[in-house]
Amino acid sequence: MPVRPLTPAVWLWSAPEAAAALRTRDLATILRVYRRVNGLSQERLAALLGYDKTYVSMIETGRRTISDVTTRRHIARVLGLPMHVLGVTDNDDADFAAMIQFGDSTIRLAEIARQSGRAVDAVNELWPLVARLEARAAEGRAERDTMILLGQGRAALGVSLGTVLPEERLAAAARWTGKALVVAERLGDPVFLAHALRMHGNELRKADHVGAAIARLSRAVAVSSDREGQGAAFALLARAAGEQGNADLFDQAITGYRDLLDAEAGRGMLFNRFTFREIELRGLISTGRAAEAVRALQTDVSGPPVAPQWHIIERVTAGQVLLAARHLDGATEAFRAALTAAEVHRLPHQVQRTIRAADAAGLAEVSADGRAALQRLTDQLAPSSARR
């Protein structure tokens with residue numbers, strides 16, 4: 001009979017049953033769960049460990065207590081166990097434990113930096129944390145808390161990269177949010193799953209995979225257990241449907257978004273009138289309803305944007321609406337304001353949006369200014385060795 005492949009340790013120890021066994025710190029319990037999850041006999045587990053079946057049986061029944069550090073380290077290494085679970089430490093365990101303790105704070109601070117217009121700083125904060133977690137997971141020593149933090153870090157890093165990278169490199173951002181979704185699917189946490197679906201869907205849209213984006217965002221709407229999360233999913237789905245030119249889906253999504261906004265179901269970057277109007281404007285233009293977009297642009301919105309990048313996004317969109325209304329001077333002014341702010345906040349994607357819109361309208365001076373700004377941003381993002 002063929003031997004059943006073992007569950008990779010990176011997933012096994014993050015599963016609820018295995019995580020519960022790890023919390024006991026009891027080797028007998030851990031071995032029994034490992035066998036049950038993998039469908040192994042005591043004989044097969046003994047062969048994996050290089051022991052006799054009787055020896056494994058004695059451990060599992062409590063007739064043999066393993067206090068030898070070398071033996072515990074061997075068992076942990078073979079089974080992909082985090083070594084500290086068996087009371088064994090290695091050189092970097094203390095540093096890693098401290099990093100896990102402060103990892104949530106690192107991600108939260110990076111998110112604050114990104115939302116305040118400092119996405120480059122966010123990337124610089126997140127990269128060392130995520131790299132360390134990735135290395136730990138690759139070694140198979142990743143219990144549930146580590147995998148949760150890894151998933152959150154991957155999502156935050158992907159979104160931050162999606163803010164600062166130019167369009168031709170946005171696939172990298174989508175890959176990181178996709179890796180976050182892989183973790184979310186395994187962890188069984190519906191709130192984080194909905195978050196990962198939203199983030200991955202939005203980065204797929206930006207990377208020009210709109211069909212895949214709509215599939216992720218539609219699922220995010222369906223699985224969101226809270227109204228704020230569902231509203232955010234509706235907002236991003238409306239944007240993706242607009243870019244696809246799907247007027248029916250855009251109308252459904254923007255209506256769901258408006259209803260939750262009217263009900264004051266949440267707060268944040270997507271839950272305010274300013275953001276709603278920008279998404280509505282872009283969708284109306286993309287689905288061929290320029291006259292409606294012009295009317296919507298004239299609607300007053302209360303309050304400023306919640307983040308600098310939303311003001312920049314809105315200025316580009318407003319310029320596109322003004323072009324549709326043949327207000328070239330107003331469009332030029334909006335585009336120039338967007339270019340200036342986008343360069344300050346290092347947002348090459350918005351510069352590229354502006355260049356495309358200006359090219360389509362024959363605004364040669366705006367296009368030239370945009371290309372010069374894009375080149376300066378590209379030089380800033382290039383590795384220092386490449387600039388020498």
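Can you find a residue in the stretch 59-67 that is more than 35 Å from the chain's Cα centre (by Cα), farther than 26 Å from residue 151 by Cβ, at pLDDT below 90 and open to solvent by less than 40 Å² (accessible area, probe 1.4 Å)?
yes
Select from the stretch 120-140 the residues that are modelled with pLDDT under 85 and either part of a helix (DSSP H, G or I) or touching a helix residue (DSSP H, G or I) at 6+ places or on another chain (Cβ under 7 Å) (or both) and write down the one among them that is surrounded by the most Cβ atoms within 10 Å (Cβ to Cβ).
In this case the residue turns out to be 136.
Just to check your reading of the model, which residue among 162, 188 is modelled with pLDDT under 95, on the phi > 0 side of the Ramachandran plot and either crowded, with 24+ Cβ neighbours inside 10 Å or of a type in the set (Gly, Ala, Ser) (or both)?
The unique qualifying residue is 188.
Of the conditions (1) buried (at least 17 other Cβ atoms within 10 Å of the Cβ); (2) under 26 Å from residue 166 (Cβ atoms); (3) among the β-branched types (Val, Ile, Thr); (4) within 16 Å of the chain's Cα centre (by Cα), residue 182 satisfies every one except a single condition; which number is it?
All conditions are met except number (1).
How about the stretch 333-353: which of its residues are part of a helix (DSSP H, G or I) and open to solvent by less than 30 Å² (accessible area, probe 1.4 Å)?
Scanning the stretch 333-353 gives 334, 335, 338, 339, 341, 342, 348, 349, 350, 351, 352, 353.
What residue, of 255, 299, is β-branched (Val, Ile, Thr), outside any helix (DSSP H, G or I) and surrounded by fewer than 21 Cβ atoms within 10 Å (Cβ to Cβ)?
On the way: 255 fails: outside any helix (DSSP H, G or I).
Answer to the selection: 299.
Could you please find all residues in the stretch 27-58 being over 18 Å from residue 86 (Cβ atoms) and surrounded by 14 or more Cβ atoms within 10 Å (Cβ to Cβ)?
At the first step, the residues of the stretch 27-58 found to be over 18 Å from residue 86 (Cβ atoms) are 36, 38-44, 47, 52-54, 57.
38, 40, 42, 44, 47, 53, 57 - these are the residues of the stretch 27-58 that are over 18 Å from residue 86 (Cβ atoms) and surrounded by 14 or more Cβ atoms within 10 Å (Cβ to Cβ).
Somewhere in the stretch 310-329, is a residue modelled with pLDDT of 95 or more, of a type in the set (D, E, K, R) and open to solvent by 60 Å² or more (accessible area, probe 1.4 Å)? Spell out how you get there, then give the answer.
Here is the first cut: in the stretch 310-329, the residues modelled with pLDDT of 95 or more are none.
Checking the stretch 310-329: not a single residue is modelled with pLDDT of 95 or more, of a type in the set (D, E, K, R) and open to solvent by 60 Å² or more (accessible area, probe 1.4 Å).
For the stretch 222-239, check the following and say yes or no: at least one residue is assigned to a helix (DSSP H, G or I), of a type in the set (A, V, I, L, M), without any contact (Cβ under 8 Å) to a residue 60 or more places away in the chain and open to solvent by 20 Å² or more (accessible area, probe 1.4 Å).
yes
The values are calculated or read from the model by the stated rules, or taken from the named source; none is laboratory data. Everything numeric here is computed off the predicted structure, so don't read it as measured data. Because the Cβ atoms are built from the backbone with ideal geometry, glycine has one as well, and the counts that use them run over all protein chains shown. Note: accessible area is taken over every heavy atom of the protein model, side chains too, but ligands, DNA and RNA are not part of it. Shrake-Rupley method; radii C 1.70, N 1.55, O 1.52, S 1.80 Å.
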